[in-house]
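A.B. asks: Encoded as structure tokens, here's the structure I'll be asking about.
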Number of protein chains: 2
Amino acid sequence: MSRPKPLSGFPEYTPEARIIEQFVLDRLRETFELHGFASIETRAVEPLDRLAKQGEIDKEVYTVQRLHGENGPADLGLHFDLTVPFARYVLENAHQLAFPFRRYQIQKVWRGERPQEGRYREFTQADIDIVDAETLAAHHDVELPLVTLAALERLHVDLGLPPVLMRVNNRKLAQGFYLGLEIADPAAVLRHVDKIDKIGPDRVVEQLINEVKITEPQARRCVQLAQIRSADASFVAEVRRLGVEHDQLTEGLELLTDVVTTAARYVPGRLIADLKIARGLDYYTGTVYETELVGFESWGSIASGGRYDSLASDGRISYPGVGLSIGVTRLLAPLLAKGMLRASRPVPTAVLVAVDSEETRATAIEVAEQLRTRGIPAEVAPRAEKYGRQIRYADRRGIPFVWFGGTVGGEVKDIRSGEQVSADPASWMPSSEDLKPKVLSLTPSC
Amino acid sequence: MSRPKPLSGFPEYTPEARIIEQFVLDRLRETFELHGFASIETRAVEPLDRLAKQGEIDKEVYTVQRLHGENGPADLGLHFDLTVPFARYVLENAHQLAFPFRRYQIQKVWRGERPQEGRYREFTQADIDIVDAETLAAHHDVELPLVTLAALERLHVDLGLPPVLMRVNNRKLAQGFYLGLEIADPAAVLRHVDKIDKIGPDRVVEQLINEVKITEPQARRCVQLAQIRSADASFVAEVRRLGVEHDQLTEGLELLTDVVTTAARYVPGRLIADLKIARGLDYYTGTVYETELVGFESWGSIASGGRYDSLASDGRISYPGVGLSIGVTRLLAPLLAKGMLRASRPVPTAVLVAVDSEETRATAIEVAEQLRTRGIPAEVAPRAEKYGRQIRYADRRGIPFVWFGGTVGGEVKDIRSGEQVSADPASWMPSSEDLKPKVLSLTPSC
């Protein structure tokens, strides 16, 4: 067996990087649970017909088949997001869920992408959604970005991850605006306006005139609308200045105002109204969210989502929802690859208990057991070598302390400072800094 | 979309059951880290040729293919255990790992089994392994069951899971015994002796005579060996009484004695030497482990493993290892299905903050935020209904407390007792019992 090569698009972490990932996942989980979201996990596979329903996405699905099973076409695929499986889970379990149902879900997803720089075929997402039966109150559109921003802010403060900027829009606002301009096909306008960052406002105007067949004044106002943004409610006056009236527009403005003003209160500077945000997929029907890492905008959105009036329906009852998905791998993998995050050590172990000779290994085990009982991660030296070699072993693994001697009359050495003190395994504690691996940011400028 | 049906073999949990699973996984992780095992995760897929190498297992593999990719045969499969991917990970990353390398890995695995009661196609395993380069010291064979038993003991004490009994044997012991009896094909004997529980000792003797072509006295002694078991070192005398001599036998007896006597000291009553344990797969070369839940032996082994002299090899260096795998789904799913474990509530939320009217929702958000800052999971009532209805909503979701009023002059009601007291969101705390969901065992007899 020769040395295997990594598979393109399937990132795997070193033990050190995994400590950082666990740190991030633990904090996401904690934030979600503090906000009353319950965890669920869904199976990795869904029936293909369920995966294939969302527009073009079926192109990226991995199919799954028993190697020695039936020879027909595959009928299962790996899930490519956590929304489709969640919708199915809600329908399947509606009879035993209390609505509105608040859930978070942190799992891997798979996409059969062509291998390409920055494209992942397996990656981790952390989703939160709230769904209700029949109708879902508007205030949840305000709540979801607050929870997401609280989670990302925690990563910023605790880990030194770059700060984020969430851009929010509302489909009703744009839709109402277009209808108020008496444009017959608002969806077509949205599709073109969505390209404004890529091709610029002038070419969007051109395309709107030539392809959607609207007048130049109409097209210009659509583009003017898309260029409005503000960190407070001032976007409303700017929109009103364009002189368009429509009930849906008014509704959209009110909803978006509510999101922006509430966010300004709890997470100031982290959320703006940005009226060009459209989100590609068609199923969003109200608020839409995108989030960039400040200074790393080219990485794309690391937390996206929106409201969908019908996440799922069993034919009788429909389940509207609002959700946001944090791209954990998309956020972390580049930071790890650039060495911008480090763990204080690559192992959980705080103390290596040295071994005098194989005959006294039992004593070392006893010391390690006493330390563990009090929550101190400890391991026993694998070889009863000279102490110098045992210390070098600890050093190579990043273990900060080495214990010498037994449960009575023992000594513990901090191998970084060289300081060695008498210690009792029933009472000695490392500093809280050293108890568990810490995550260090090497990006003080962010 | 009609109500979807579960897929056979792909268990999914309710939010309540998921809380129990998380509780278990958290405790496994904590125990593993206390013993200095580092976490890794490997990708879900491996090249098929790597999966197909382990004897018959390739029959159960799920292949994975891009739906719109090349039309040739699949070259990737979902991993069916965590040992094969770990071996590949060690080879791939050997240059940046410190040996002996101690890792734990908690992930889902997939097997393309025919659907059948109690057979899972997707399930969670929790593995610990220690691998070294070239040689791995024998004391790790003693260490691994101690860590596994510490983890399972914690589940027994904290969750009321049934206690376990680990049965340990050593392949060298049996192998040396057979060689000492001058049996030419020890592996063939082992295969038959492995069936002793299913077909009984007499039929094993019969088969050994007829199929392995050994004499009746030889066969009888092989079966006598397999029937020896003890919770202390007394099995050695019993084996010696059979009058067989061989270096490998002696080595195996010493190794097994070490495991049994050390375990008796740290986890008394939880581990026995049981000389009939063989473990089906061929790659184990020394100690082998199996573990049953006491009272639920028919569920099979819930933690198995052993030593393999060459987990992986890159042609130049070989990596011997010893590992144990806890079948988390196999352990939990039946207990959950039988209702033997319950969570104190199915949501993380400790406090529902009631809402007077939509106009004062901001006040309720403020209260919830203050509670969360101090680690109290809180959510705001979804609808500004009559208080009675909001209390019923909390009750339906299992939330123990409802908060009325704002940040000043508020009151909190324990809806179980009906007790309502004045409270300040900056200082009020629920009891530690109520802060987070607790897991309750309904099996006091175990």
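A.B. asks: Semi-axes, largest first, in whole Å: what does sqrt of 5 times each Cα gyration tensor eigenvalue give for region B:195-311?
C.D. replies: 24, 18, 15
A.B. asks: To make sure I understand the rule: partners must be lysines, Cα under 26 Å from the Cα of residue B:386, and not fewer than 8 residues away in the same chain. Which ones qualify?
C.D. replies: Here the lysines satisfying the reach criterion relative to residue B:386 are B:413.
A.B. asks: Is the C-alpha gyration tensor of region A:171-215 telling us rounded, prolate or oblate? Criteria: a/c under 1.5 is rounded; beyond that, a/b larger than b/c is prolate, otherwise oblate.
C.D. replies: oblate
A.B. asks: Treating the beta-carbon of each Lys and Arg as +1 and of each Asp and Glu as -1, no other charges, what is the dipole magnitude of the protein assembly as shown about its Cα centre, to the nearest 20 debye?
C.D. replies: Dipole about the Cα centre, nearest 20: 360 debye.
A.B. asks: Sticking with this structure for a sec: Considering chain B as a Gaussian network with a 10 Å cut-off on Cα pairs, which listed residue, B:263, B:150, B:423, attains the greatest mean-square fluctuation?
C.D. replies: Judging by the Gaussian network model, the answer is B:423.
A.B. asks: Output the 0 to 90 degree angle, nearest 10, between the alpha-carbon long axis of helix A:216-226 and the longest principal axis computed from the alpha carbons of chain A.
C.D. replies: The angle comes out near 30 degrees.
A.B. asks: Have a look at the DSSP beta bridges in chain A and tell me what percent are antiparallel, nearest 5.
C.D. replies: 85
A.B. asks: What whole number of Å gives the distance from the Cα centroid of region A:76-126 to the Cα centroid of region A:158-178?
C.D. replies: If you average the Cα positions of each part, the centres end up 22 Å apart.
A.B. asks: Taking every DSSP beta bridge with both residues inside region A:309-446, roughly what % is antiparallel (nearest 5)?
C.D. replies: 70
A.B. asks: Could you estimate the translational diffusion coefficient of chain A from the Stokes-Einstein equation, with Rh from the Kirkwood formula over C-alpha pairs, at 20 °C and 1.002 mPa s, in whole µm²/s?
C.D. replies: 85
A.B. asks: Compute the label-point distances linking residue B:440 to its equivalents in the other copies; points lie 7 Å from Cα along Cα→Cβ; give nm, one decimal, shortest first.
C.D. replies: Here residue B:440 shows inter-copy label distances of 4.7 nm.
A.B. asks: How large is the Kirkwood hydrodynamic radius of the protein assembly as shown, counting all unique pairs of alpha carbons, in Å?
C.D. replies: One over the average 1/r among Cα pairs gives 30.2 Å for the protein assembly as shown.
A.B. asks: By how many degrees, 0 to 90 and rounded to 10, does the Cα axis of helix B:139-159 deviate from the longest principal axis of chain B?
C.D. replies: The angle comes out near 30 degrees.
A.B. asks: Average partner chain C-beta neighbours within 10 Å, per residue of A:131-141?
C.D. replies: Mean number of neighbouring Cβ atoms from other chains: 2.
A.B. asks: Which net charge results when you count Lys and Arg as +1 and Asp and Glu as -1 among the other residues whose beta-carbon is under 11 Å from that of residue B:353?
C.D. replies: After counting each charged neighbour, the total is -2.
A.B. asks: Under 1.5 on a/c is rounded, so check that first for region B:241-284, then, if it is not, pick prolate when a/b is larger than b/c and oblate when it is not; a ≥ b ≥ c are the square roots of the alpha carbon gyration tensor eigenvalues.
C.D. replies: Verdict is oblate for region B:241-284.
A.B. asks: Also, I was wondering about something else. Taking each residue in B:9-18, count the Cβ atoms of any other chain within 10 Å of its Cβ, then average. What number comes out?
C.D. replies: 5
A.B. asks: Enter the mean number of other protein chain beta carbons within 10 Å of the beta carbon of each residue in B:41-49, as an integer.
C.D. replies: 5
A.B. asks: For region A:351-435, what is the Kirkwood estimate of the hydrodynamic radius, computed as the reciprocal of the mean inverse distance between distinct Cα atoms, to one decimal in Å?
C.D. replies: Across region A:351-435, the inverse of the average 1/r is 12.5 Å.
A.B. asks: Is it possible to state the helix-based mean residue ellipticity at 222 nm for chain A, with each DSSP H run of 4+ residues giving -39500 (n - 2.57), the sum divided by total residues, to the nearest 500 deg cm²/dmol? What is it?
C.D. replies: Rounded to the nearest 500, the figure is -11500 deg cm²/dmol.
A.B. asks: While we're on this one: Just name one of B:64, A:222, A:236: the one whose Cα is farthest towards the positive end of the charge dipole of the protein assembly as shown (beta-carbon charges, Lys/Arg +1, Asp/Glu -1).
C.D. replies: Projecting each Cα onto the dipole axis, the largest value belongs to B:64.
A.B. asks: What percent do you get for the relative contact order of chain A when only Cα pairs under 8 Å and 6+ apart count?
C.D. replies: It rounds to 16 percent for chain A.
A.B. asks: How many percent of DSSP beta bridges within region B:351-429 run antiparallel, rounded to 5?
C.D. replies: Just about 55 percent of them are antiparallel.
A.B. asks: Now, a different point. Applying a 10 Å radius around every beta-carbon, put A:424-430, B:351-357 in order of their mean neighbour count, most first.
C.D. replies: The densest-packed peptide leads the list: B:351-357, A:424-430.
A.B. asks: Lys and Arg at +1, Asp and Glu at -1: add these up for the other residues within a Cβ distance under 12 Å of residue B:167 and post the number.
C.D. replies: Value of the local net charge: -1.
A.B. asks: Just how large is the dipole of region B:1-157 about the Cα centre, in debye to the nearest 20, putting +1 at every Lys and Arg Cβ and -1 at every Asp and Glu Cβ?
C.D. replies: Dipole about the Cα centre, nearest 20: 580 debye.
A.B. asks: Let me ask another. What nm distances, shortest first, do you get from the label point of residue B:295 to those in the other copies when the point sits 7 angstrom along Cα to Cβ?
C.D. replies: Residue B:295 label point versus its equivalents elsewhere: 5.7 nm.
A.B. asks: In degrees between 0 and 90, to the nearest 10, how far off the longest principal axis of chain B does helix B:196-211 point, with axes built from Cα atoms?
C.D. replies: Helix B:196-211 sits at roughly 20 degrees to that axis.
A.B. asks: In debye, nearest 20, what is the charge dipole magnitude of chain B about its Cα centre with +1 on Lys and Arg Cβ and -1 on Asp and Glu Cβ, if you could check?
C.D. replies: Computed charge dipole of chain B: roughly 1140 debye.
A.B. asks: Tally Lys and Arg at +1 and Asp and Glu at -1 over the other residues with C-beta under 9 Å from the C-beta of residue B:403: what net charge comes out?
C.D. replies: That sum, taken over residues with Cβ under 9 Å, equals 0.
FYI, it's all coordinate maths here, none of it is from the lab. Since the structure is predicted, the reported quantities are computational estimates derived from the model, not experimental observations. Glycine gets a Cβ as well: all are built from the backbone with ideal geometry, and neighbour counts include every protein chain shown.
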